[in-house]
Amino acid sequence: MTEKKLLMGNEAIALGAIEAGVQVVTGYPGTPSTEALETIARHANRCGIYTEWSSNEKVALETAVGAAYSEAKALVTMKQVGLNVASDPLMSLSYIGVKGALVLLVADDPGPHSSQTEQDTRAFGHFANIPVLDPATPQEAYELTKLAFELSHEFEIPVILRTTTRVSHSCGDVELAVSESKAPKPVPVETSCEGFTKDRRWTIFPRLTAERHPWLENVQVQLSNRFSEPPYNSVSGTGKIGIIASGVSALYVKEAVKSFEELFTLFRVGTVYPFPEKAALSFLKGIEKLIVVEELDPYLEEQALQLIGRSHLPVDVYGKKERLFPCERGI
C-alpha cells in the first residue's frame, strides 16, 4: 500500500530511515538538519527507535558507531559545521567500517542562511573515502535515504546523505512505499543484534590501517561502478551542449533550459562520490561543450576535468573555475 504526502525534505529523510529499519538515531540540532531527528522522535515510541539529542556531533557519531558495531542500523544528523566536530572519529571510521549500517545526514547551508561557514560535504566525503549521495527533491531524499542504508550494510562502510538548505527545507509530494501510520517497526536492537563482540578490527592501530587501506580503495572502485548503473543517475536530452548537475541545481537547470531543451543534454548526478566515471564517460562522448552547475564548490567540475583529461576528450568545460558561476552562495 502506498501513500502520497506533502513533505519537507527532512521529513522525507526521516520516513525513509524508518522504512529502512533504523533502530538508533542520534544527532545535534543545527539548521537545516534539525527536522529529520525531530520527525523520527515523533514516531520513536510507536516504531521502537532509540533517539537522542547528543551533547555534540562527535558524541552523536560515536554513539551511533557503537550501535553499528553491534549490527544495528543507525542514523546521525548534523549540519555541515557539525561534521568538523565529528571528523576525528569519522576519518578512522572509513577504515574500520561497520557491521550493521550507519548513515550520516549532513545538511549544507549555501548562502549561508544560519551557519558560520559555507562548506561542501561532497569534498569532505571524498577526503574521508566515504560515499556521498546528493538528492534534489524530497522524493529523492526519501529514496536515497533507503539506498544509503542498503549500501552501508552491503559494503560495511558509513554513507553520507548530503543535502542543502533548499532540499532539506523545500516541500513536495512524496510517494511513500507504505503508509506513514503503518511503517514497519524495526526489530529491537537487543533482539536483532548479536551485540558488541571483541575484535581487533575495532581498534585502528597503524598495522590495521595498512591492512584495511587496500580494502577501502577497492570499495571506492566498486561503488563507482555501481553508481554508473541505473537508476542512480540519469541522462536526458540530445544536444551537443552537455550539463552536469547534482542536488537542487539540477532542478534549476531543468527550469532554465525547458524552452530549448533540444540544445542540451543533462547528466543529473545523484551519487556524487565515488564519481560514476563510466556513466559520465558515456555521457561525455559526443558532447562539444560542458557546463557544470552545482552548490557549492567546483567538485563535479574537477571530477569532469580529470576524466576529460585522462580520456583525451575534446570538450570545453565551463563552471566555477571559469567564474561562469560564483563559488559562494551556491550558484
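The values are calculated or read from the model by the stated rules, or taken from the named source; none is laboratory data. None of the values given here were measured: they were computed from a predicted structure. Virtual Cβ from ideal backbone geometry, glycine too; neighbours counted across all protein chains shown. Remember, those area values only see protein heavy atoms, side chains included, never the ligands or the DNA or RNA. Shrake-Rupley method; radii C 1.70, N 1.55, O 1.52, S 1.80 Å.
Is segment 323-331 home to any residue that is open to solvent by less than 10 Å² (accessible area, probe 1.4 Å) and modelled with pLDDT under 90? Yes. Look at (1) part of a loop (DSSP other than H, G, I, E, B); (2) surrounded by 15 or more Cβ atoms within 10 Å (Cβ to Cβ) and you find that Glu302 fails only one, number (1).
Go through segment 165-211 and give me each residue that's part of a helix (DSSP H, G or I), touching a helix residue (DSSP H, G or I) at 6+ places or on another chain (Cβ under 8 Å) and at pLDDT 90 or above. Within segment 165-211, Val167, Ser168 qualify.
In segment 245-258, the count of residues that are without any contact (Cβ under 8 Å) to a residue 12 or more places away in the chain, among the aliphatic types (A, V, I, L, M), assigned to a helix (DSSP H, G or I) and over 20 Å from Arg162 (Cα atoms) is one or more. Whenever a residue of segment 87-105 is without any contact (Cβ under 8 Å) to a residue 40 or more places away in the chain, its partners that are in a helix (DSSP H, G or I) and open to solvent by less than 10 Å² (accessible area, probe 1.4 Å), lying with C-beta atoms within less than 7 angstrom and at least six residues away or across chains, give the pairs Pro89/Leu61; Met91/Ala128. In segment 148-164, the count of residues that are part of a loop (DSSP other than H, G, I, E, B), open to solvent by 20 Å² or more (accessible area, probe 1.4 Å) and closer than 25 Å to Lys4 by Cα is zero.
Within segment 30-44, if we keep just the residues that are surrounded by 19 or more Cβ atoms within 10 Å (Cβ to Cβ) and of a type in the set (S, T, N, Q), the residue that is nearest to Ala12 (Cα to Cα) turns out to be Thr39. Listed by position, the helices (runs of 4 or more DSSP H) inside segment 1-87 whose residues that are farther than 21 Å from Lys146 by Cα, among the charged types (D, E, K, R) and out of contact with any strand residue (DSSP E or B) (no Cβ under 8 Å at 6 or more places or on another chain) number at least 2 are 57-69. Out of everything in segment 110-143 that is touching an Asp or Glu at 6+ places or on another chain (Cβ under 7 Å) and assigned to a loop (DSSP other than H, G, I, E, B), what residue ends up being modelled with the highest pLDDT? Result: Asp120. Applying a threshold of 7 Å to beta carbon distances and a minimum spacing of six or more residues, or different chains, the list of pairs starting in segment 135-146 at a residue that is within 18 Å of Ala245 (Cα to Cα) and ending at one that is among the charged types (D, E, K, R) and surrounded by fewer than 24 Cβ atoms within 10 Å (Cβ to Cβ) reads Gln139/Glu175.
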